[in-house]
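Following: one structure in structure tokens, then a few remarks.
The values are calculated or read from the model by the stated rules, or taken from the named source; none is laboratory data. Model, not experiment: these values are computed from the prediction. Virtual Cβ from ideal backbone geometry, glycine too; neighbours counted across all protein chains shown. Protein only, heavy atoms only, side chains kept; ligands, DNA and RNA dropped before computing areas. Shrake-Rupley method; radii C 1.70, N 1.55, O 1.52, S 1.80 Å.
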Amino acid sequence: MKNSIVKLIGIVTLSAGLLTSCSSSDDNKPTSSFVVNANDFKGTITDGEVVLDAGTTYKLTGKIQVNSGATLTIPAGTVIQGVGGTSAYIAIAQGGKINVNGTAAKPVVMTSGLATKAPGDWGGLVICGKAPINRVTGGASTAQSEVADLTYGGTVANDNSGVIKFLRIEYAGAAFNTEKEFNALSFFGVGSGTVVENVQAFHGSDDGFEFFGGTVNTSNLVAIGNEDDQFDWTEGWSGTNTNWYGKLAFGKGNRGIEADNFELGYANTPIANPTITNMTLVGPGSAADATVYTENQGIKFRRGTKGQVSNVVLSGWKTGIDVENDETIAFVPSALKVTNVLYVADVPAKTKGKKTDGTAADVSAVSVESATATGAGAGVAQPTWAAGWTVGF
């Protein structure tokens with residue numbers, strides 16, 4: 001009996017080992033039909049999961065598109081170099097996913113692959129989700145993204161486009177023409193099921209981060225030296241956010257934040273209504289060349305947006321907070337308000353308002369000051385949460 005039991009245990013153990021071996025082997029098999037060429041990284045991922053290799057540098061020569069049902073996973077430390085101008089970008093279609101698994105010690109870096117790096121060397125990252133937008137009032141509309149030409153928008157507020165952690169996007173923003181260019185990271189109708197944490201947009205030629213509707217939430221965003229706005233929202237975006245740091249640099253740039261509801265329908269619903277807690281915006285100085293910095297404003301609220309912003313540090317802007325259009329002004333000081341604001345230095349006009357007809361409006365109630373505000377965490381200095389994985393401070 002003992003010998004039989006020993007034999008039985010041996011058989012079970014051997015069988016388990018074989019099963020484990022088979023399972024392990026299966027786990028290592030490719031799950032996508034997409035074939036990766038690191039020196040000519042482009043194409044459409046239509047199925048399964050493509051996992052990149054952190055030890056390989058990928059030359060992004062054209063478009064990488066991730067279609068519905070497919071996933072692109074990028075491990076910590078991976079470098080992707082764009083070398084194809086407007087042709088080189090990464091686009092996540094509705095139903096597709098991107099997982100950026102960076103760490104503070106080993107962020108994922110998407111950058112220029114040219115010998116002399118400059119803003120606009122490649123496109124950027126575009127994510128299209130199924131969350132509501134307000135191009136047609138009511139929030140059930142869809143549209144085509146202004147770059148990548150993919151459908152976005154819908155009715156799935158908690159739509160999930162993946163997980164993005166510790167990502168740095170550099171020298172993006174390639175321009176098709178004077179009216180159309182990429183941002184470093186564009187969110188088109190992205191839903192709240194998507195995770196976005198610890199991301200930097202550095203020295204791009206257009207906006208750093210732009211939100212076209214959707215409900216995506218973010219934390220720990222850094223935008224430095226982007227040549228238009230550091231942050232931009234429109235089309236009814238309503239995410240919840242903590243820890244934003246934005247700074248103009250390199251002798252060019254626009255606003256810290258440009259905020260709209262929708263340019264073709266100021267009252268379209270859902271109305272843009274994000275919440276931002278802990279934010280620093282550093283400008284070029286109030287006396288900066290007005291022909292270069294034509295819109296020297298820390299925050300521009302216009303075209304009917306709402307918003308709740310708190311614990312803010314503003315430094316070096318000709319105007320701190322500018323509110324424009326009747327629909328926007330009507331939300332002051334309840335649905336549109338910036339509380340606990342510290343104007344650190346060189347902000348001669350703390351608030352400014354202008355009605356739709358162009359006449360001035362008193363919007364001073366939009367701002368409530370506080371001498372103890374810390375902004376993104378350390379006033380105008382680099383916050384501790386940004387140490388190690390960001391550049392440009």
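For region 244-359, the calculated P(r) over all alpha carbon pairs, in 10 Å bins from 0 to the bin holding the longest distance, is 15, 46, 34, 6 percent. With a cut-off of 20 Å, note down the residues of region 237-278 whose backbone N falls inside the zone around a label point 7 Å from the Cα of ALA330 toward its beta carbon. From region 237-278, the list is 237-238, 259-274.
Computed extension length for ALA365-THR151: 73.1 nm, one decimal, from 0.36 nm per residue of separation with the Cα-Cα distance subtracted. Karplus-derived 3J(HN,Hα) values for region 265-275, using 6.51 cos²θ - 1.76 cosθ + 1.60 with θ = phi - 60°, are x, 4, 9, 4, 10, x, 6, 3, 7, x, 10 Hz; glycine and proline are entered as x. In plain terms, the bigger the Kirkwood radius, the slower the diffusion; for region 69-164, with that radius from Cα pairs, at 10 °C and 1.306 mPa s, Stokes-Einstein puts D at 107 µm²/s. Computed in the context of the full set of protein chains, the accessible area of the chain at 1.4 Å probe radius has 52% of its extent on carbon or sulfur.
Give the ranking of ASP362, ASP159 by solvent-accessible surface, highest area first, calculated with a 1.4 Å probe. Before the final figure, lay out each step's value.
On the way: ASP362 130, ASP159 20 Å².
Order by accessible area, largest first: ASP362, ASP159.
When +1 charges are put on Lys and Arg Cβ atoms and -1 charges on Asp and Glu Cβ atoms, the dipole computed for the chain relative to its Cα centre reaches about 1060 debye.
Two decimals, Cα atoms only, Kirkwood Rh: what is Rg/Rh over region 228-289?
On the way: Rg = 13.5 Å, Rh = 13.0 Å.
Computed over Cα atoms, the ratio is 1.04.
The tail of the calculated P(r) for the chain, taken as Cα-Cα distances beyond 31 Å, holds 38 percent of the pairs.
Regarding region 170-318, what's the average projected area of the Cα-atom convex hull, expressed in nm²?
Details: hull surface 32.6 nm².
The Cα convex hull of region 170-318, projected and averaged over all directions, gives 8.1 nm².
Once all protein chains are placed together, PHE393 keeps about 80 Å² accessible to a 1.4 angstrom probe.
Compactness of region 93-243, taken as the C-alpha radius of gyration over 2.2 N^0.38 Å, stands at 0.97. Rolling a 1.4 Å probe over the heavy atoms of the protein chains gives the chain an accessible area of 39 Å² per residue.
At q = 0.13, 0.18, 0.20 Å⁻¹, what is the log10 ratio I(q)/I(0) for region 342-393, with the Debye formula run over Cα points and no solvent? Debye output, listed in q order: -0.52, -0.76, -0.82.
Pairwise over distinct Cα atoms, reciprocal of the mean inverse distance: report the Kirkwood radius of region 293-344 in Å, one decimal place. Write out the running numbers ahead of the final one.
Values: mean 1/r = 0.0873 Å⁻¹.
In region 293-344 this quantity evaluates to 11.5 Å.
Cross-link check: pairs LYS180/LYS306; LYS130/LYS306; LYS117/LYS252; LYS97/LYS130; LYS252/LYS352; LYS165/LYS337 evaluated at a Cα-Cα cut-off of 18 Å; pairs beyond the cut-off: LYS180/LYS306; LYS130/LYS306; LYS252/LYS352; LYS165/LYS337.
Heavy-atom accessible surface of VAL36, to the nearest 10 Å², is about 60 Å², with a 1.4 Å probe and all protein chains retained.
Pairs of Cα atoms nearer than 8 Å and 6+ residues apart set the relative contact order; for the chain it is 10 percent.
With the Kirkwood sum run over all distinct C-alpha pairs, region 176-219 has a hydrodynamic radius of 11.4 Å. Mind checking the angle between helix 2-27 and the chain's longest principal axis? C-alpha axes, 0 to 90 degrees, to the nearest 10. In the chain, helix 2-27 runs at an angle near 40 degrees to the longest axis. The convex hull drawn around the Cα atoms of region 296-393, when projected onto a plane and averaged over every direction, covers 6.7 nm². If each of ALA345 and THR46 carries a label point 7 Å out from its Cα toward its Cβ, how far apart are those two points in nm? Modelled inter-label distance: 5.9 nm. For the pair THR31 and LYS252, label points projected 7 Å from Cα toward Cβ lie 4.2 nm apart.
Under 5 Å from the amide H of ALA361 lie the amide H atoms of GLY353, LYS354, LYS355, each residue being 5 or more positions distant or on a separate chain, with H modelled from the backbone and absent for Pro and chain starts.
Annotation: ARG302 carries an accessible surface of approximately 30 Å², with a 1.4 Å probe and no ligand, DNA or RNA atoms counted. Cross-link partners for LYS63 among the aspartates and glutamates, with Cα-Cα distance under 13 Å and sequence neighbours closer than 8 places in the same chain left out: ASP40, ASP149.
Counting pairs of alpha carbon atoms under 8 Å apart in space and at least six apart in sequence, what relative contact order in percent does region 69-184 give? Intermediate values should be presented prior to the final figure.
Values: 303 pairs, mean separation 36.2, N = 116.
31 percent.
Per the Kirkwood formula applied to alpha carbons, region 266-319 shows a radius of gyration over Rh ratio, Rg over Rh, of 1.06.
Hey, if we sort GLU181, GLU235 by accessible area with the 1.4 Å probe, largest down, what's the order?
Working: GLU181 40, GLU235 10 Å².
Result, largest first: GLU181, GLU235.
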